């Protein structure tokens with residue numbers, strides 16, 4: 001598992017707080033008990049929602065909850081695009097693309 005990939009598909013490795021060491025990233029951030037996506041991925045042993053086989057992203061209430069919609073607007077993030085990119089190229093290639101591009105919240109489209 002790549003600790004720089006959040007459960008929702010965002011790339012922590014380009015986050016200023018993560019880089020400064022003030023945030024441990026999604027997996028290790030035990031205070032993030034409010035995050036239903038993180039809890040679901042941990043419960044099922046998934047690295048991220050890209051590994052989910054239970055539901056399509058559009059059907060998942062945990063992935064598409066009210067807080068996530070606010071997060072999308074405020075941070076201009078594309079979690080769904082990130083998850084789809086992980087499914088296309090795999091988590092390691094995704095992380096490498098995001099690191100090279102310096103992005104954390106919008107996937108690199110090839």
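Readers should treat all values here as calculations from the given coordinates under stated rules, not as data from a laboratory. Here the structure is a predicted model, which means the values were calculated and not measured. Here the Cβ positions follow ideal geometry from the backbone for every residue, glycine too, while neighbour counts run over all protein chains shown.
No solvent, one uniform scatterer per C-alpha: report log10 I(q)/I(0) for segment 12-101 via the Debye equation at q = 0.18, 0.25 1/Å, two decimals.
Scattering profile of segment 12-101, log10 relative to I(0): -0.94, -1.71.
For Cα pairs less than 8 Å apart in space and 6+ apart in sequence, what is the mean separation divided by the residue count of the chain, i.e. the relative contact order in percent?
Relative contact order here is 34 percent.
Go ahead and estimate [θ] at 222 nm for the chain from helices alone: -39,500 (n - 2.57) per DSSP H run with n ≥ 4, summed, over the residue count, rounded to 500. Display every interim value, and only then the final one.
On the way: 5 runs with 46 residues, N = 110.
-12000 deg cm²/dmol, from helical runs alone.
I'd like the distance between the alpha-carbon centres of segment 1-33 and segment 69-110, rounded to an integer number of Å.
Each part reduced to its Cα centre gives a spacing of 13 Å.
Using 7 Å Cα-to-Cβ label points, what is the residue 17/residue 84 separation (nm, one decimal)?
Spacing of the two 7 Å Cα→Cβ label points: 2.7 nm.
Could you check the simple spin-label distance between residue 96 and residue 53, using points 7 Å along Cα→Cβ, in nm with one decimal?
Taking the simple label geometry, residue 96 and residue 53 are separated by 2.6 nm.
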